[in-house]
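Just below is one structure, and these are the notes that go with it.
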Amino acid sequence: MAGEGEEPVAAFVALHGAALRASGVPTQYWESLSRKLRGEIFDAGDYFGIMQVEEVDDEEEVDEEMEEQLKKKPNPGNGPCFKVIVTNENGLQASNPNSVFLVDHAWTFRAERARQQLRQVPGLLHRMANLMGVPFHGEVPDEASIEQVLQEMWKYSQTYQLARGTAEEKVPVWYIMDEFGSRIQHSDQPSFAAAPLFYMPQQIAYTVLWPLRDLETGDEVTRDYAYGETDRLIRKCVLLPWVPTELLDVSSSTPEPPDEHYQAILTENKEKLPVAINPPVYAKDKVFKVFTDIQQVLNNLTHPRFVFTDNEGEADILYNFSHFKDYRKLSEERPEVMVNQFPCENLLTVKDCLASIARRAGGPDGPRWLPRTFNLQTELPQFVSCFQQRDRRGEDNHWICKPWNLARGLDTHITNNLNSIIRHRESSPKVVCKYIEEPVLFEREDVGRVKFDVRYVVLLRSARPLRLYSYDVFWLRFSNRAFSLDDLDDYEKHFTVMNYAPGVTLKQVHCEDFIPLFEKQYPEYPWTTVQASIFKAFAELFQVATSKPAPLGICDYPSSRAIYAIDLMLKWDTSRDGERLF
C-alpha cells in the first residue's frame, strides 16, 4: 500500500480500517478508495452503463436468456427494468487497484421520518418515484404516490448504524443508492460486492463497489442481495421482496429453543453464575451500607437503616444501574452482599428471551397474554409462513417490529408490509409481534378514544421459592390521537411513550383518578377484576421464568433482590362461547 500520499492513506486506514475489514473490502483497493473519497471522484460512468431491459409480450417467443433477465427484475409489475453492464472497452480487472468505485446515496432517512421527508423535501418524491417506477406527474406531492413509494422503497433501501452516540443516534439509518447503484440487479453468483462506508472527514456515507472477478465489455454488474446468507431457506425468505415465493408448506410453529440457545446467550453476555450459598442472615438492627450509581436511589433512600458509601468494597448492598456480571466472584468472596439484580434476568428483560420462555406457559404459539411473537434472526421462515397463511385466510396482518434490547419506541415500526419486516431484520436483531388490532381504548375528552398502556412495578424477592410482590399503584400512558388501524407511522396515534419526544403533549392521570373514569366507560369490567387477571399473568410469567435452572431460567441466588417495571395493554378478545372480554 506504499505509494503516493502515504500520510493521507495512513490516516484514512486509521479512521476506516476496521469498517473496511468488517465489510470485506480488499486492502488492495484502500489507497485508491482513499484518493477517490478525498477528491470526490465518481468515475463509475467511465466503466459502466445502464441498459433498459425491454418487456416481452405474452404472445412473443421468449428465449432462455431473456427469460433469465426477466427473472432478475427486482420490481415485478412496476415500470421498465434496468441492468448495469460494463461499457469500458478494456473491461475491468479485479487485480487493478483502481477497480473500486464510489456510489452516491440519493436519499438517506430514518424509517419513522420517511413520509415527512417525501412530503417536504423538494424534488425527493419525484426522484424516488422515477427511480422505483411509480407513476407521479405532478409538482405537489400527493398521498397516493407517497404511499406507493413507502411500500416500494424496501426493495431499494440499504442500512447502516452509527457505532457511537446516544440511543437515538444509534437508531439504524436507511439509504437508497443513486440511479446507478439502484439499477444493479441481484445474482446468486454476483460479479461485484457493495458495502456502505461512513466517511468521517465529510460525515457522509457512500457505497463502495468492487469487482469479485475480471469482467469483459458487456458483462453485467450484479450483487448478492442476501450477501453472507448460506442457508437456502433463509435466503429464499431474505430475497422474497424481489423474488416472490410462497412458504405455506413451512410450519409456522415456534417451539421453545433448545438448551444450547440459552447457554450461548449466557456466554455472549459474559455473565458468570454464582456458586451455591446459604441464605444470609442479618441482625435485626443492622444498618446497611449502600453503593449505588442511580440518582433516584441517592435522592430518595432516606430510611435510617441505610447509609450510602462510595467504597464498593465495603458495601452491604450493590444497587447498580449497569448489568452486573461476575456473580461467581461475589458469591465466593462476599456472599452476604445483596445485589439489585438476578443472574440471567435478561430472560425477562430482553424481548426475544421473554418470547422464548413464555412458550413454557402457552406452547409453541405462546400464552394468551403475549401476542404471537417471532425472533426474526432465528424464526424468519416460520414468520413468513404465518404471515402468508393469515393473508390467505383474510386475517388481520398488522405487526410491530421491535429491537431485542431497546425501549421508548426506538426503532420500532408497525406495518402490514411483509417486505418491510424482512428488510428491518438487516438493521439490528429484532422480534416481530402481532400488533394489537383491537386494543381497549380510553375516552379522552380532548381527542377521543385513544390507546393507553399500564405500568406496574413488581419486586422479585426470591426465585425459589418464588416470592413476587406487585405495587398496587400503577402508572398510565396515553396516545395523543384517536386510534384507528391506519397512518401506521403516526407516532402520536399508535405509541404511548410521549415523555421523550420534544414538543409533544404528555397526558397524565393518577391511577386513583383513572379507575373511576375507566369503570364509568366500562361498567361491566370493574378494575379489581381486570387487575386480578393482570396479576395472574404476572404470576404465570415468573413461574415459567424460574421453573428451570440457570441459564435456562432466572438463577436462584439468595442475595439477589430485583424490581422490574412491566408495561402492558388491554385488548378485546372473544371467549369460546362468543362472549366479548378483556
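Quick check on the range 494-582: what does the Kirkwood estimate of hydrodynamic radius come out to from the alpha carbon pairs, in Å? Present the calculation step by step, with values, prior to reporting the outcome.
Numbers: mean 1/r = 0.0593 Å⁻¹.
It works out to 16.9 Å.
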(request) Take the solvent-accessible surface of the protein heavy atoms, probe 1.4 Å, and return the percent of it on the range 185-287 that carbon and sulfur atoms account for. (result) 52
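Looking at the range 100-186, which GluC sites (Glu not before Pro) are in a loop (DSSP not H, G, I, E or B) and have at most 11 other Cβ atoms within 10 Å?
Numbers: sites: GLU112, GLU139, GLU143, GLU147, GLU152, GLU168, GLU169, GLU179; in loops: GLU139, GLU168, GLU169.
Those satisfying the criteria are GLU139, GLU168, GLU169.
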(request) Determine the order of LYS155, LYS284, LYS289, LYS272 by accessible area, beginning with the largest, at a probe radius of 1.4 Å. (result) LYS284, LYS272, LYS289, LYS155
(request) Could you tell me the distance between the Cα centroids of the range 294-335 and the range 149-178, to the nearest Å? (result) 40
(message) About the Cα centre, and with charges only on the beta carbon of Lys, Arg (+1) and Asp, Glu (-1), how big is the dipole of the range 442-581? Nearest 20 debye, please.
(response) 680
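So if I place +1 on the C-beta of Lys and Arg and -1 on the C-beta of Asp and Glu, and nothing else carries charge, what would the dipole magnitude of the chain be about its Cα centre? I want it in debye, nearest 20. Show your work: numbers first, answer last.
Numbers: 64 positive and 87 negative charges, 647 e Å.
So the magnitude is around 3100 debye.
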(request) Give the accessible area for ARG455 in Å² (nearest 10); use a 1.4 Å probe, count only protein heavy atoms, and leave out ligands, DNA and RNA. (result) 90
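With a 1.4 Å probe and all protein chains left in place, how much accessible area per residue does the range 319-361 have, in Å²?
Working: 1720 Å² over 43 residues.
Ligands and nucleic acids excluded, the figure is 40 Å² per residue.
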(request) Return the tail of the calculated pair distribution for the range 272-342, meaning the percent of Cα-Cα pairs more than 20 Å apart. (result) 30
(message) Checking the a/c ratio against 1.5 first, then a/b against b/c, what shape does the Cα gyration tensor give for the range 500-540?
(response) oblate
(request) Quick one: order ARG477, ARG393, ARG164, ARG423 from most to least accessible surface, probe 1.4 Å. (result) ARG164, ARG393, ARG477, ARG423
(request) Determine how large the accessible area of SER23 is when every protein chain is in place; take a 1.4 Å probe and give Å² rounded to the nearest 10. (result) 40
(request) Would you calculate, for the chain, the mean residue ellipticity at 222 nm contributed by helices, counting each DSSP H stretch of 4 or more residues as -39,500 (n - 2.57) and dividing by all residues, to the nearest 500? (result) -8500 deg cm²/dmol
(request) Report the convex hull volume per residue for the chain, counting only C-alpha atoms, in Å³. (result) 212
(request) Whole number please: convex hull volume per residue, Cα atoms of the range 133-210, in Å³. (result) 159
(request) Would you rank LYS270, LYS236 by solvent-accessible area, highest first, keeping every protein chain in place and using a 1.4 Å probe? (result) LYS270, LYS236
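Keeping every protein chain present and rolling a 1.4 Å probe, give me the accessible area per residue for the range 442-581 in Å². Display every interim value, and only then the final one.
On the way: 7500 Å² over 140 residues.
I get 54 Å² per residue for the range 442-581.
Of the beta bridges DSSP finds with both residues in the chain, what % are antiparallel, to the nearest 5? Mind showing how you got there, number by number?
On the way: 60 of 72 bridges.
If we restrict to bridges inside the chain, about 85 percent are antiparallel.
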(message) For a quick check of understanding: with a 1.4 angstrom probe and all protein chains in place, what accessible area in square angstrom does CYS433 have, to the nearest ten?
(response) 10
(request) Give the angle, between 0 and 90 degrees and rounded to the nearest 10, that separates the Cα long axis of helix 511-521 from the longest principal axis of the Cα atoms of the chain. (result) 70
(message) Please compute the contact order of the chain in relative form: average sequence separation of alpha-carbon pairs under 8 Å and at least six residues apart, divided by the residue count, as a percent.
(response) 12
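Nearest 20 debye, what's the magnitude of the dipole of the range 324-387 about its Cα centre given +1 on Lys and Arg Cβ and -1 on Asp and Glu Cβ? It would help to have the intermediate numbers written out before the result.
Working: 9 positive and 8 negative charges, 40 e Å.
With Lys and Arg at +1 and Asp and Glu at -1, about 200 debye.
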(request) Could you tell me how many degrees, from 0 to 90 and to the nearest 10, lie between the Cα long axis of helix 527-545 and the main elongation axis, the longest principal axis, of the Cα atoms of the chain? (result) 70
(request) Give me the angle, in degrees from 0 to 90, between the Cα long axis of helix 259-269 and the longest principal axis of the Cα atoms of the chain, rounded to the nearest 10. (result) 90
(request) Determine the distance separating the Cα centre of the range 538-582 from the Cα centre of the range 208-257; give it in Å without decimals. (result) 38
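The values are calculated or read from the model by the stated rules, or taken from the named source; none is laboratory data. Treat the numbers as computed from the prediction; the structure is a model and nothing was measured. Cβ: placed from backbone, ideal geometry, glycine included. Neighbour counts: every protein chain shown. Just so you know, the surface numbers come from the protein's heavy atoms only, side chains and all, with ligands and any DNA or RNA stripped out. Shrake-Rupley method; radii C 1.70, N 1.55, O 1.52, S 1.80 Å.
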